[in-house]
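Okay, structure first, notes after.
Every number here is computed from the coordinates shown, using simple stated rules; none is lab data. Bear in mind that the values here come from a model prediction, so they are computed numbers and not experimental data. Because the Cβ atoms are built from the backbone with ideal geometry, glycine has one as well, and the counts that use them run over all protein chains shown.
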Amino acid sequence: MSSNTIFRPGYVIRDQEAPHFLTLTVCGWIDLFTRKSYRDLILENLNYCINEKGLEIGAWVIMSNHVHLIATATGKEPLSAILRDFKKFTSKRMIEMVKSNEESRRQWMIHQFEYYGSRHAKKQDFQIWTNDNHPEALYTGEMTLCKINYIHQNPVRAGLVLLPEHFVYSSAIDYAGGKGLLPVRIML
């Protein structure tokens, strides 16, 4: 473990420099990312974190209500800080988008995100992301390969595509020799 290791119980990022499998989940498993505009916001902000904060992505997928990543911090900022800032900024923007877009579920979604915010320890106005990222450090090639396959098979298991590389909002195309929507460091 590196000098950036933090010891806490449970699912936390203890080694800030190790690659981690992460799951960022929308509260209540609300299908927020069914609209392209929300998925594009996630991509835009992941790109920002890559270019400005030193985030490196090894694999990713955006599903309807969660995002899976294999991510590493390259030293500019700790991984936990990058994720915190990413979730804070995207939450604020998504609430604005829900309120202003022609969102057929607008009232219901606002009500749900207010409910989850009120249950938060800090009594927030709204909460979109759950607090936990369920980080799992990936220290072996076998663990990494298992998580890459899990990520890329997610849209196949959901019945969205027949082949992983056909899902646009995923790094599977990068692993199949193509070019996806985000810069990816191939980890195989």
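Quick notes on this one:
- Global geometry of region 140-188, whether rounded, prolate or oblate, following the gyration tensor of its Cα atoms and the 1.5 cut on a/c: oblate
- Placing +1 on the Cβ of every Lys and Arg and -1 on the Cβ of every Asp and Glu, with no other charges, gives the chain a dipole of roughly 440 debye about its Cα centre.
- Per-pair calculated FRET efficiency, R0 = 25 Å: residue 107 and residue 162 via Cβ, rounded to 0.05: 0.10
- Farthest toward the positive end of the dipole of the chain, out of 124, 78, 156, is the Cα of 124, where the dipole comes from beta carbon charges about the Cα centre.
- Ranked list, fewest to most other Cβ atoms within 10 Å of each Cβ, for 98, 168: 168, 98
- Look at the dipole of the chain built from charges on Cβ: of 57, 113, 171, the Cα furthest out on the positive end belongs to 113.
- For 111, 134, 152, order by how many other beta-carbon atoms lie within 10 Å, fewest first: 111, 134, 152
- Most positive-pole-ward Cα, 187, 69, 134, against dipole of the chain from beta carbon charges: 134
- Taking other C-beta atoms within 10 angstrom as a stand-in for reagent exposure, 88, 122, 147 fall in the order 122, 88, 147, fewest first.
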